[in-house]
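Please read the structure below before turning to the comments.
The values are calculated or read from the model by the stated rules, or taken from the named source; none is laboratory data. In this text, all values refer to a predicted model and were calculated from it rather than measured experimentally. With ideal geometry, Cβ positions are generated from the backbone for all residues, glycine too; neighbour counts draw on all protein chains shown. Ligands, DNA and RNA are stripped out before the accessible areas are found, and what is left, the full protein with its side chains, is counted by its heavy atoms. Shrake-Rupley method; radii C 1.70, N 1.55, O 1.52, S 1.80 Å.
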Amino acid sequence: RPVLAAAARCHHTEPEALKCAWQLHRDHLELRYANTLMRLDFVWLRDHCRSASCYNAKTNQRSLDTASVDLAIKPKTVRVDETTLCLTWPDGHVTRYGLEWLVKNSYEGQKQQVMHPRILWNAEIYRQAQVPSVDCRSFLETDAGLREFLQHFLLYGIAFVENVAPTKEDTEMVAERISLIRETIYGRMWYFTSDFSRGDTAYTKLALDRHTDTTYFQEPCGIQVFHCLKHEGTGGRTLLVDGFYAAEQVLQRAPDQFELLTKVPLKHEYVENVGDCHNHMIGIGPVLNVYPWNNELYLIRYNNYDRAVINTVPYDVVHRWYAAHRTLTAELRRPENELWVKLKPGKALFIDNWRVLHGREAFTGYRQLCGCYLTRDDVLNAARLLGLRA
């Protein structure tokens with residue numbers, strides 16, 4: 001029969017902070033361990049069983065048919081010792097969990113963690129950090145060079161590879177070191193000059209204000225690679241702004257406006273009829289995207305050029321949205337948040353397009369850039385395989 005003790009304290013030899021106590025409720029188990037109070041639903045506890053019949057440890061996949069679990073299931077007995085929770089179910093099946101695993105994987109544990117550790121920066125913070133570029137040969141040929149590059153990229157949202165031969169083929173080889181190249185309406189690897197060959201301001205000599213790319217894709221491209229192959233002229237410096245740093249300032253100073261920017265859905269649109277290029281793309285989502293359990297920002301969708309007509313929210317909400325957008329824009333435009341970089345042949349720049357906004361100053365003369373978009377999943381996969389938290 002179920003153990004209905006009001007509370008049972010573990011016998012242990014652990015430090016005071018790791019003491020655990022548990023209590024059985026009608027539909028869940030309450031467990032306190034390592035200063036974390038967890039409420040664990042009975043169905044959840046049965047569903048996540050790691051026994052051989054429920055989970056394939058070789059493939060890291062669930063074998064249990066979740067839909068077969070009785071939604072009214074309750075454990076027959078519960079035991080907790082210094083390190084383990086042991087549950088026996090009505091059919092005699094036994095489930096064991098390490099208490100550390102539960103702290104890490106419970107909802108309460110996840111709320112206390114960040115998914116992606118980062119260093120938020122303005123121009124001064126980034127310069128003070130003196131983040132080094134990684135040499136191309138080290139990047140291509142050694143795990144240590146690749147790991148260093150990926151660590152910089154994960155923490156700051158930008159990273160540089162030096163001594164890349166100024167050709168499209170060498171840039172492609174560097175990009176493929178960390179990811180599959182994402183083919184889009186712009187092709188696989190792209191060149192652009194100021195020839196207005198596409199219906200986009202990027203293909204001109206005009207200044208470009210800070211923005212993220214492909215906001216009109218339902219899933220904006222994760223990483224952008226830029227390599228300046230040639231510039232015979234003046235100007236054309238690249239502007240970089242940490243969108244997450246700016247958003248954090250909004251969260252601290254105007255949390256209601258931050259929340260509104262995470263809730264209001266907008267359309268971004270790309271309409272093109274130039275030569276043989278005919279496209280009409282629409283992506284929908286809020287400016288700020290957060291994980292709901294811990295409010296951690298993971299994507300900023302900011303492009304005033306490509307924002308479509310706002311027709312998804314009523315008039316009273318849209319006015320508050322404009323005020324919130326103005327607050328965020330003011331932060332993004334603070335001169336102290338602007339990092340200006342002169343891209344030169346041989347130096348490839350990788351940008352986290354879900355985080356860092358880019359722009360450029362106007363320029364003169366002939367300027368040729370090449371680059372591509374990378375799939376975010378593959379970059380994070382490469383980082384995790386090298387032991388990085390991503």
(request) Please specify each residue of region 353-372 satisfying the condition of being open to solvent by 10 Å² or more (accessible area, probe 1.4 Å), of a type outside the set (K, R) and within 13 Å of F226 (Cα to Cα). (result) H358, Q368
(message) I'd like the full set of residues that are in a strand (DSSP E or B) and either without any contact (Cβ under 8 Å) to a residue 12 or more places away in the chain or farther than 15 Å from W101 by Cα (or both), limited to region 42-86.
(response) Y55, N56, Q61, R62, T77, V78, R79, C86
(message) Would you confirm, using the coordinates I've provided, whether N304 is touching a strand residue (DSSP E or B) at 6+ places or on another chain (Cβ under 9 Å) and among the polar types (S, T, N, Q)?
(response) yes
(request) For residues that are open to solvent by 90 Å² or more (accessible area, probe 1.4 Å) and without any contact (Cβ under 8 Å) to a residue 60 or more places away in the chain, tally how many sit in region 26-41. (result) 3
(request) Among the strands (runs of 3 or more DSSP E) lying completely within region 274-370, list those that include at least 2 residues that are within 17 Å of L208 (Cα to Cα) and either within 21 Å of the chain's Cα centre (by Cα) or of a type in the set (K, R) (or both). (result) 356-360
(request) Output the residues belonging to region 203-226 that are in contact with a strand residue (DSSP E or B) (Cβ under 6 Å, 6 or more places away or on another chain) and at pLDDT below 95. (result) Y203, K205, L208, D209
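Considering only residues that are touching a strand residue (DSSP E or B) at 6+ places or on another chain (Cβ under 9 Å), touching a residue at least 12 places away in the same chain (Cβ under 8 Å) and surrounded by fewer than 16 Cβ atoms within 10 Å (Cβ to Cβ), look in region 273-288 and name the one that is farthest from Y245 (Cα to Cα).
Only one residue tops the list, namely N273.
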(message) What pairs come out if I take residues in region 164-175 that are outside the structural domain of R137 (by the TED database) and in contact (Cβ under 8 Å) with a residue 12 or more places away in the chain and pair them with residues that are part of a helix (DSSP H, G or I) and of a type in the set (F, W, Y) whose C-beta lies under 7 Å away, six or more apart or interchain?
(response) none
(message) So, in region 147-173, how many residues would count as being under 22 Å from the mean Cα position of the chain (by Cα) and not in a strand (DSSP E or B)?
(response) 11
(request) Can you tell me which residue within region 348-371, out of those that are of a type in the set (K, R) and touching a strand residue (DSSP E or B) at 6+ places or on another chain (Cβ under 6 Å), is farthest from F153 (Cα to Cα)? (result) R367
